[in-house]
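Here's the structure, in structure tokens; my notes come after.
The values are calculated or read from the model by the stated rules, or taken from the named source; none is laboratory data. Quick caveat, the model's predicted, so the values are computed rather than measured. All Cβ positions, glycine included, derive from the backbone under ideal geometry; neighbour counts span all protein chains shown. Heads up: the accessible areas ignore ligands, DNA and RNA and are worked out on the full protein's heavy atoms, side chains in. Shrake-Rupley method; radii C 1.70, N 1.55, O 1.52, S 1.80 Å.
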Amino acid sequence: GEFTVQQPGWASSVRKLLVGLVLRWASDFGPTEGPEIPQAKGSIQAVGGQAFFLPLYDLFLSYGGIFRLILGPKSFVIVSDPAIAKHILRENSKAYSKGILAEILDFVMGKGLIPADGEIWRVRRRAIVPALHQKYVAAMIGLFGEASNKLCEKLDAAASDGEDVEMESLFSRLTLDIIGKAVFNYEFDSLTHDNGIVEAVYTVLREAELRSTSPIPTWEIPIWKDISPRQNKVKAALKLVNDTLTDLISICKRMVEQEELQFHEEYMNEQDPSILHFLLASGDDVSSKQLRDDLMTLLIAGHETSAAVLTWTFYLLSKEPRVMAKLQDEVDTVLGDRLPTIEDMKKLKYTTRVINESLRLYPQPPVLIRRSLDNDVLGKYPIKRDEDIFISVWNLHRCPKHWDDPESFNPERWPLDGPSPNEINQNFSYLPFGGGPRKCVGDMFATFETVTATAMLVRQFNFQMALDAPPVEMTTGATIHTTEGLKMTVTRRTRPPIIPNLESKVVNVNSVPTVVSEG
Ligand code: HEM
């Protein structure tokens, strides 16, 4: 008070600025009130490609639900506690951004819905969520069925020829075909043949994964980034995908212009039910760059995740013949020979539990990334702004205190007559689709997609690990991959008639149930 009256205005401003700076300095570097987050000792090998979430599990068992990890000049807070996860994701979600994730993904997703923060995120989320309305998701089940059928044809040919199949890449193609059609009405047709655009999509995806696991950002090195052959290949691939998206946007714009539009909440164009068509028809006022970023984000978000879920589901099923037999039994009873419909989704309860449980054991992605925008308190520990935080969903999903026999694949852990498990009814101990305002927008889509594909495949075939299959180990990009693929032997099922013919006394020798014995 007394200084401001006597001193010239500028001096007062300088003083305020200095005090402000000192206070800011104190809050950034000074001691914080309250206990310090336990710091994990020992080293973590940050080797690219290795499943980095595995050593975090051991540290969780020794240090508990929140600890700090120092990696060279960087420090990370690792969260494996459901209440703290809930605080970050839901209760105080406004105080967190996507941090490193947004930086890494910028080259491919720009300001798309996954990396975007703040106002851009709010506006885009509000535009995109309505596109995935119930009628849209119901229509997509037909698409899931048709695409899965193509995969069945491929597997049938392999079964005839006695050839083993690498399922991980087939699932990747299945979900690429589905998401292309579902998001921007494009036929990648990658299950049937390879083409330039499919290869370009994979080049871009592999680069995104490499960047998210590489300890040294070689793609930022001046000059090198312009002459490196790999970076040039990535740039060309990105350009091809972006040009294709631009074309698809203009084709769709023309369709919308020629339409007699009556836009409403559950609007859907029968010829083109895609998300892109919904967005354009809704009059979504957005730059074409932003629209491309969003489409690219949806493509990547909905492709690798679902493929990984299917891969690990079939791996788990091959280890548990008991679960497989029960699953096949449900599918035979509910579906018979039909393609699945939206009504079947409610009835395929055990199939849904199989997917729920697969997502518990292999969450995609295994770790959620955030950065604090403000000081906050996590549990009893104060943290400052600019902390990089990893929420280990892997640890939450395998916490020995929370789960009975956490390592076992046991879809029965959630009763069939109860609700499907989600982050709310499991109080953030189970986060298959995240939680809070940034929860996955495709959770329903993805659940029905993986349920449909699983049901259709196990109805027709038995799956076993191939005799000469490489060991199934994990590596991480954005999702959990196998290190050397999932090589399986696929055989056609012989099964009892779906509707037993009680009149007929003729016993069909082929109608022996194929319940694979344990062991
Ligand atoms: C966000 C999982 C399929 C679109 C997320 C998040 C998770 C997740 C855990 C939260 C990320 C975070 O909080 O940092 C999955 C899994 C899927 C799947 C396991 C498959 C089984 C899909 C599909 C789509 C999609 C099919 C699109 C059709 C998105 C988008 C976000 C998101 C746009 C960002 C939402 C936002 O930040 O507002 N997903 N997802 N996902 N997912 Fe999915």
With a 1.4 angstrom probe the carbon and sulfur portion of accessible area for the chain, in percent, totals 56 percent
Estimated distance in nm for a label pair at E33 and S408, the labels positioned 7 Å out from Cα along Cα-to-Cβ = 4.9 nm
Peptides 341-350, 264-273: what's the order by average Cβ count within 10 Å, highest mean first?
-> 341-350, 264-273
Taking only DSSP H segments of four or more residues, each worth -39500 (n - 2.57), what value at 222 nm results for the chain once the sum is divided by all its residues, to the nearest 500 deg cm²/dmol?
-> -16000 deg cm²/dmol
Using the Cα atoms of the stretch 176-265 to build a convex hull, what is its mean projected area in square nanometres?
-> 8.6 nm²
Using r as the Cβ-Cβ distance of V377 and K347, and R0 as 60 Å, what FRET efficiency do you calculate, to the nearest 0.05?
-> 0.85
Length released on extending from R493 to T192, taking residue separation times 0.36 nm less the Cα-Cα span | 106.0 nm
Given Cα pairs under 8 Å that are at least 6 residues apart, what percent is the relative contact order of the stretch 269-385?
-> 21 percent
How big is the gap, in Å, between the Cα center of the stretch 441-472 and the Cα center of the stretch 102-129?
-> 30 Å
Report the calculated FRET efficiency for A83 and D417 (r = Cβ-Cβ distance, R0 = 22 Å), to the nearest 0.05.
-> 0.15
How big is the Cα convex hull of the stretch 354-427 in projection, averaged over all directions, in nm²?
-> 5.9 nm²
Rounded if a/c is under 1.5, else prolate if a/b is larger than b/c, else oblate: which is the chain, with a ≥ b ≥ c the root eigenvalues of its Cα gyration tensor?
-> prolate
Amide H to amide H, which residues 5 or more places from I66 or on other chains are under 5 Å from it, using H placed in the peptide plane?
-> S80
The FRET efficiency for N149 and K384, from their Cβ-Cβ distance with R0 = 51 Å and rounded to 0.05, is 0.40
If we sort 478-484, 404-410, 188-194 on the protection proxy, mean other Cβ atoms within 10 Å, highest first, what's the order?
-> 478-484, 188-194, 404-410
Computed about the Cα centre, the charge dipole of the stretch 68-157 from +1 Lys/Arg and -1 Asp/Glu charges at the Cβ has a magnitude in debye, to the nearest 20, of 360 debye
At R206 and K289, where each label point lies 7 Å from the Cα along Cα→Cβ, what is the point-to-point distance in nanometres?
-> 2.9 nm
Would you please give the residues with an amide H less than 5 Å from that of V377, counting only those at least 5 places away or on a separate chain, with H modeled from the backbone geometry?
-> I383
How many nm is it between the label spots at Q134 and E103, if each spot is 7 Å from the Cα in line with the beta carbon?
-> 4.4 nm
Under 1.5 on a/c is rounded, so check that first for the stretch 114-158, then, if it is not, pick prolate when a/b is larger than b/c and oblate when it is not; a ≥ b ≥ c are the square roots of the alpha carbon gyration tensor eigenvalues.
-> oblate
The ³J(HN,Hα) series, computed from each phi in the stretch 118-134 with the Karplus coefficients 6.51, -1.76 and 1.60 at θ = phi - 60°, rounded to the nearest Hz and given as x for glycine or proline, is x, 5, 4, 4, 4, 5, 5, 4, 5, 7, 8, 3, x, 5, 9, 6, 4
Taking 0.36 nm per residue of separation between S250 and D443 and subtracting their Cα-Cα distance, the length gained on full extension comes to 66.6 nm
Could you tell me whether the stretch 266-419 comes out rounded, prolate or oblate from its Cα gyration tensor? Rule is a ≥ b ≥ c as square roots of the eigenvalues, rounded for a/c under 1.5, then prolate if a/b exceeds b/c, otherwise oblate.
-> oblate
Using only Cα atoms, locate the centre of the stretch 249-299 and the centre of the stretch 179-246, then give the distance between them in Å, rounded to an integer.
-> 24 Å
Which ³J(HN,Hα) values, rounded to whole Hz and listed in residue order, are derived for the stretch 199-206 from phi using the Karplus coefficients 6.51, -1.76 and 1.60 in 6.51 cos²θ - 1.76 cosθ + 1.60 with θ = phi - 60°, glycine and proline given as x?
-> 4, 5, 4, 5, 4, 5, 4, 4
Evaluate the charge dipole of the stretch 97-246 about its Cα centre and quote only its size in Debye, nearest 20, assuming +1 on the Cβ of each Lys and Arg and -1 on the Cβ of each Asp and Glu.
-> 940 debye
Quote the charge dipole size of the chain about the Cα centre in Debye, to the nearest 20; the model charges only the Cβ of Lys and Arg (+1) and of Asp and Glu (-1).
-> 1320 debye
